[in-house]
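Participant: Got a structure here, written out as structure tokens. Questions coming.
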Amino acid sequence: EKIYKSKPIVIFDTETTGLDIFSDDIVQIAALKIENGNIIDKFDIVMHTDKKIPEYLGSTPNPLVNEYVSRNHLSREVGISKFFEFAEGCILVGHNVEYDYNILINNCKRDTPYLNVKSSFPLYFDTLKLARYVCPKLKMQLQRLDYPHCRWIRFGFVVGVKSCDEAPIGIRVSN
């Protein structure tokens, strides 16, 4: 609670070309900046990629495909730099944030080597770990993000929803 009240937090999510944190690209970053429980700013960008975006997530059409086609793209360097500017001085929060944090580290190494995720954002919190701590019996079920019991711990994500739709849901866990 002291940390939450002493620094703003940024709840963020990434959409990517795949699950490989070393070689896949971040395509979209969406985030909300929260201070004292209030949303004070929003961030949502799409970045260029030369990699193929999967058309399906399992059997579900991937909404990122249409999102990518319909939006303007920033260069990877500009997009990542803008996220760092947006989140500067904040604590990062996300659902299964280990993935987002690590793919961001590796995208920075490739596209913005002058930016360092670990030194810029040494403190981050994972709502998936928090949920497992609060409700250990749901451990495995929380991996399936649309599991109905997630509502009991006041958060829920819908699989395949673009980043900017997912980010606000994290507030319920963080507040």
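Participant: State yes or no: is Ile3 at pLDDT below 90, open to solvent by 20 Å² or more (accessible area, probe 1.4 Å), touching a strand residue (DSSP E or B) at 6+ places or on another chain (Cβ under 6 Å) and outside any loop (DSSP other than H, G, I, E, B)?
Facilitator: For Ile3, the condition - at pLDDT below 90, open to solvent by 20 Å² or more (accessible area, probe 1.4 Å), touching a strand residue (DSSP E or B) at 6+ places or on another chain (Cβ under 6 Å) and outside any loop (DSSP other than H, G, I, E, B) - is not met.
Participant: Would you please list the contacts, defined by Cβ atoms under 7 Å and residues six or more apart or on different chains, that run from a residue in segment 106-125 that is in contact (Cβ under 8 Å) with a residue 24 or more places away in the chain to a residue that is open to solvent by less than 100 Å² (accessible area, probe 1.4 Å) and of a type in the set (Gly, Ala, Ser)?
Facilitator: Here the result reads Thr112/Ser81; Leu115/Ser81; Phe121/Ala87, each pair linking segment 106-125 to a residue that is open to solvent by less than 100 Å² (accessible area, probe 1.4 Å) and of a type in the set (Gly, Ala, Ser).
Conditions (1) open to solvent by less than 80 Å² (accessible area, probe 1.4 Å); (2) modelled with pLDDT of 95 or more, marked per residue:
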site: Thr49; (1), (2): yes, yes
site: Ser59; (1), (2): no, no
site: Glu67; (1), (2): yes, no
site: Ser81; (1), (2): yes, yes
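Participant: Filter segment 24-38 down to the residues that are over 14 Å from Lys82 (Cβ atoms), surrounded by 13 or more Cβ atoms within 10 Å (Cβ to Cβ) and out of contact with any Gly (no Cβ under 7 Å at 6 or more places or on another chain) and list them by number.
Facilitator: Once the filter is applied, which keeps residues that are over 14 Å from Lys82 (Cβ atoms), surrounded by 13 or more Cβ atoms within 10 Å (Cβ to Cβ) and out of contact with any Gly (no Cβ under 7 Å at 6 or more places or on another chain), segment 24-38 yields Asp25, Val27, Leu32, Ile34, Glu35.
Participant: Can you name every one of the helices (runs of 4 or more DSSP H) wholly within segment 49-130 that holds 1 or more residues which are within 18 Å of Asp13 (Cα to Cα) and among the aromatic types (Phe, Trp, Tyr)?
Facilitator: 63-70, 76-87, 97-111
The values are calculated or read from the model by the stated rules, or taken from the named source; none is laboratory data. Worth saying up front: this structure is predicted, and the values here are computed from it rather than measured. Here Cβ is always computed from backbone atoms with ideal geometry, including for glycine, and neighbour counts include all displayed protein chains. The accessibility values were calculated without ligands, DNA or RNA, using every heavy atom of the protein model including side chains. Shrake-Rupley method; radii C 1.70, N 1.55, O 1.52, S 1.80 Å.
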